[in-house]
Amino acid sequence: MKLPEMHERLASLFPLESDIPEDVRLLAPLHQRAILLNGEMRIWKGETRPVHSAVRVRKDDGSLAPVELGSVPVTGTAEADEALAAAWAAWDNGRGRWPTMPVAERIACVENFTNQISARRREIVKFIMWEIGKSLADAEKEFDRTIAYIQATIAELKRLDNDNSRFQIVEGTIAQIRRSPLGLVLCMGPYNYPMNETFTTLIPALIMGNVVLFKPPRFGVLLYYPMLESFRSAFPAGVINIVYGEGSVVVPHVMASGKVNVLALIGSSKVADQLKKAHPKSNRLRAVLGLDAKNAAIILPDADLDLTVKECIAGSLTFNGQRCTAIKMILVHQAIAEEFLRRFCDAIAKLKIGMPWESGVMLTPLPELAKVEYLHACIEDARAKGATVVNAAGGAAAETLFHPAVVFPVKEGMTLYRDEQFGPVIPVAAYEDVETALQYVITSEHGQQVSIFGTNPDQVAHLIDPLVNQVCRVNLNSQCQRSPDVFPFAGRKDSAEGTLSVHDALRAFSIRTMVAAKQTEASKKLLDSIVLGNKSNFVNTRFIL
Ligand code: G3H
């Protein structure tokens, strides 16, 4: 199919209003005016901004119009200050109700919250689907994975706390060592996993006893509306506060206050850099960061091409390539480059493109037109420097629907070689010597993951050993991915700071703290009386079931 025909076809995939199935519709636009500050739902009377869907609808005259999903508050620095003050009061120098609450009670609050939001799964999933264009199946997966993550976090915290419920005696010192909260955590998640990635920092931060200021992403904000009341009722006042508004205005302001103890950001390294610098007391600030990535697939000459194509399709095009873990550069040995490209392009032609609620759909509308323009600019830049789009109708677009483009051969100097395209454009390069592929990873600014496709143990092992010192996960004959969530998710260079897994996140948002005494009769008596009298939430030997 040629570009103009594909353009027509893509435009025709957008539905008429009447074509949208009843069960996936949103009942009415949601004009959010409530904001959660200091345990209260306030009605916002200030500026708002409209929220549009990634999906367009076809009008009777054939034009495509954005679907307005509602609007959200644009709160400013004054509200951010209020949120800071509320969180600061709830923390109360570590003396607040939440940071001193027994772990079992904090777990009960999180369980209560989880039960409440689980009851609103359908509504939340629909907002994810409509706002960012994620397929219904993947939006459901995102929700369910988040609930499973919370449950795993609770189980892990029980294990951790029970392990720490005993005294240790070393060299004449009796100690009880536990993990204590750090203070105020600023949480920000990305638009591509607006619920899951946010909750993988927000929930561990909360459950460890920290107080939180949460800023939803620019796309993927309405889904939090059905959770507001659950946040309000499940946690003490001020423990969780939500700020809206322009990130570039509100967030540096919050950081400049010096009151943030932990910056938890899943976003860009550029933003993380600026925000860290905005904090006046750099030694007080900890950072838990999931940032840019440009994961490469290295395809060796003896790779099983059926498997390689399948994994590279999933790796580069799941949710239209909008995953931090996506394969964003393919390096294929020149002996099989032609065959790989042929099969890869054939496989792309068979992918279902359409509306997010359609069953089996893989490619769906992108959340912003600016992304379509950026992807076109990347393709034009590569073309001008000698590459071509090698798949039929690659790069054709109608509004937010973008047909994937495979660009070959991509070389140093082209935007696509190093930029994290974060969308359905797949740069491919052929190499002769595997050292060239290795050098690509070594000279990259990023260091999250890599995929190796090959069957020769010597060749695969020859790559594994240098690559494990460049990235944090080497995938063999499979795409790059974060899951399972109990495994460490980390990155080197500009890709991450700290490690996130169910276990590691609990550690990232807390610090080992101990109560120690000399091993004397008097100390024993004192500690006995505290424990037996149930006088402290820290010094105790309680077991959480
Ligand atoms: O965008 C980054 C996500 O954490 C990716 O998670 O690799 O399991 O899809 P995933």
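The values are calculated or read from the model by the stated rules, or taken from the named source; none is laboratory data. It should be emphasised that the depicted structure is a prediction, and the values quoted were computed from it without experimental measurement. As a convention, Cβ positions derive from the backbone with ideal geometry for all residues, glycine included, and neighbour counts pool all protein chains shown. To get the accessible areas, we keep the full protein, side chains included, count just its heavy atoms, and leave off ligands, DNA and RNA. Shrake-Rupley method; radii C 1.70, N 1.55, O 1.52, S 1.80 Å.
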Pairwise FRET efficiency - Thr513 versus Asn115, Cβ, R0 = 35 Å, nearest 0.05: 0.70
Unit charges on C-beta of K, R, D, E only; dipole of the chain, Debye: 2080 debye
Portion, in percent, of the accessible area of the stretch 3-290 that falls on carbon or sulfur, probe 1.4 Å: 50 percent
Filter on Lys126/Lys276; Lys126/Lys259; Lys2/Lys411; Lys310/Lys371 - keep pairs with C-alpha separation over 29 Å: Lys126/Lys276; Lys126/Lys259
Length released on extending from Gln459 to Ser233, taking residue separation times 0.36 nm less the Cα-Cα span: 75.7 nm
Gain on full stretching of the segment that runs from Lys525 to Ala65 - 0.36 nm per residue minus C-alpha separation: 158.1 nm
Charge-dipole axis of the stretch 295-484 as Lys and Arg at +1 and Asp and Glu at -1 on Cβ define it, positive-most pick from Thr388, Leu307, Pro356: Pro356
Surface per residue (accessible, 1.4 Å probe) for the chain, Å²: 41 Å²
Relative contact order of the chain, pairs being alpha-carbon contacts under 8 Å that are 6 or more residues apart, as %: 18 percent
Label zone at Leu16 (point 7 Å along Cα-to-Cβ), backbone N below 18 Å, the stretch 345-374: 355
In nm, spacing of pseudo-spin labels at Ala152 and Asn477 (7 Å Cα→C-beta vector): 2.4 nm
Distant-in-sequence amide H partners of His52 (H built 1.01 Å from N, under 5 Å): Leu69
27 Å Cα-Cα reach of Lys535 towards lysines, excluding residues that sit fewer than 8 places from it in its own chain: Lys158, Lys518, Lys524, Lys525
Dipole moment magnitude, nearest 20 debye, the stretch 3-290 about Cα centre, only Lys, Arg, Asp, Glu C-beta charged: 980 debye
Gain upon complete extension [His376, Ala104; 0.36 nm per residue less C-alpha separation]: 92.6 nm
Rounded to the nearest 20 debye, dipole of the stretch 295-484 from Cβ charges on Lys, Arg, Asp, Glu: 460 debye
Ellipticity estimate at 222 nm from DSSP helix runs (n ≥ 4, -39,500 (n - 2.57)) divided over the chain, nearest 500: -12000 deg cm²/dmol
Two-site FRET efficiency, Arg97 against Thr443, from Cβ-Cβ distance with R₀ of 51 Å, rounded to 0.05: 0.50
Within the accessible area of the stretch 295-484 (1.4 Å probe), percent carbon and sulfur: 52 percent
